[in-house]
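Asker: The structure under discussion is supplied below as structure tokens; questions concerning it will follow.
The values are calculated or read from the model by the stated rules, or taken from the named source; none is laboratory data. The model shown is predicted, which means the values in this text are computed figures rather than measured ones. Heads up, the Cβs are rebuilt from the backbone with ideal geometry, glycines too, and the neighbour counts pull from every protein chain shown. Side chains are part of the model used for accessible areas, which takes the heavy atoms of the whole protein and leaves out ligands, DNA and RNA. Shrake-Rupley method; radii C 1.70, N 1.55, O 1.52, S 1.80 Å.
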Amino acid sequence: MSTFANVRRLAWDTETTGPNPVEDRIVTAAIVVRGGGRDDRVFSWLINPGVPIPAEAAEVHGITDEMVQADGQDPKTALDEIATNLARAIEWGMPVVAFNQSFDWSILHHDLVRNGLPTVEERVGLAPLPLIDPHVIDRQCIERLRGKGMRKLKPTAERYGVQLDDWHTAEADALAALLIAEAQFERYPRLADMGPVQLFAAQRAWRAEQQASLQEYLRKSDPEASCDLEWPLIPAQRGGEES
């Protein structure tokens, strides 16, 4: 029987012009593939989004207008390559990991639509997908944490013994997400007991519960507050936790 520890698995991450997946755009992305008795592989893209990169976004990921204007790929070409790689992995049944998958999935969805390209859903269909979100799993398995920002990528990685020398590059963040997922499957055996369809459904349910709880909390101070409830096939309207 195949387990998460020995199958070929993929993780991906995006860095963007901002936190709104409907309006903002991808400026760099990475895919990391590990396991299955084969060498690790890393694919990365630097994309010229066609709009200015805000200074606050550049401070986080280090990608500037000058960099994308000099070396960035045309978005239509790069986005199609990213979606093709994800679709191929899904068709092969590979686990596809992203930290806060809803955000990356949504911003890619809208960037593909913006550039007249088929979405990943259109390429593979709307059946349950082999998607894994360490952020959702962490919130489900460790319900309460003390301290602000403890659900972000770096402190989450530290909770699972994952340490990297670099952060906030797409390559590093994708690898961190994959290593967290590997640690979670080892720490929580019930994850491995679920097949891809069951795990996909469980994460959607967990995400909905988590977002409903967050919305209830936010509305204590703002009655009009809302947050996205879907994971991840119906694109989110706003990004959730920062990475």
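Asker: Pick the calculated Cα extents along the principal axes in Å for this structure from (i) 51, 47, 37; (ii) 66, 39, 38; (iii) 75, 55, 37?
Answerer: Comparing each candidate, only (i) matches the computed number.
Asker: By how many nm would the segment from Arg114 to Asp166 lengthen if fully extended, with 0.36 nm per residue of separation less the alpha-carbon distance?
Answerer: 15.6 nm
Asker: Roll a 1.4 Å probe over the protein heavy atoms and report the accessible area of Thr77 in Å², nearest 10.
Answerer: Answer for Thr77: close to 70 Å² accessible.
Asker: May I ask you to compute the full-extension gain from Ala5 to Ala202, defined as 0.36 nm times their residue separation minus their alpha-carbon distance, rounded to one decimal in nm?
Answerer: Answer, rounded to one decimal: 68.9 nm.
Asker: A follow-up question, please. Would you kindly state how much longer the chain becomes between Arg88 and Arg38 on full extension, computed as 0.36 nm times their sequence separation minus their alpha carbon distance, in nm to one decimal?
Answerer: Result for the pair: 16.3 nm of gain on full extension.
Asker: Kindly rank 81-91, 24-34 from highest to lowest mean number of other beta carbons found within 10 Å of each residue.
Answerer: Final packing ranking: 24-34, 81-91.
Asker: Still on this model: With only Lys, Arg, Asp and Glu charged, each at its Cβ (+1 for the first two, -1 for the last two), find how big the charge dipole of the chain is about the Cα centre; round to the nearest 20 debye.
Answerer: 940 debye
Asker: Which is the longest run of the chain containing none of the chymotrypsin sites (Phe, Trp or Tyr not before Pro) found in DSSP loop states (not H, G, I, E, B) with at most 16 other C-beta atoms within 10 Å?
Answerer: Answer - 1-91.
Asker: Rounded to a whole number, what % of the accessible area of the stretch 85-125 do carbon and sulfur atoms account for, probe 1.4 Å?
Answerer: Answer for the stretch 85-125 is 50 percent, counting heavy atoms of protein chains only.
Asker: Which whole-number value in Å² is the accessible area per residue of the stretch 1-122, probe 1.4 Å?
Answerer: 44 Å²
Asker: Another question, if that's okay. Using a probe of 1.4 angstrom, how much of the accessible area of the stretch 151-215 is carbon and sulfur, in percent?
Answerer: Carbon with sulfur: 52 percent of the solvent-accessible area.
Asker: What percent do you get for the relative contact order of the chain when only Cα pairs under 8 Å and 6+ apart count?
Answerer: Relative CO of the chain lands at 24 percent.
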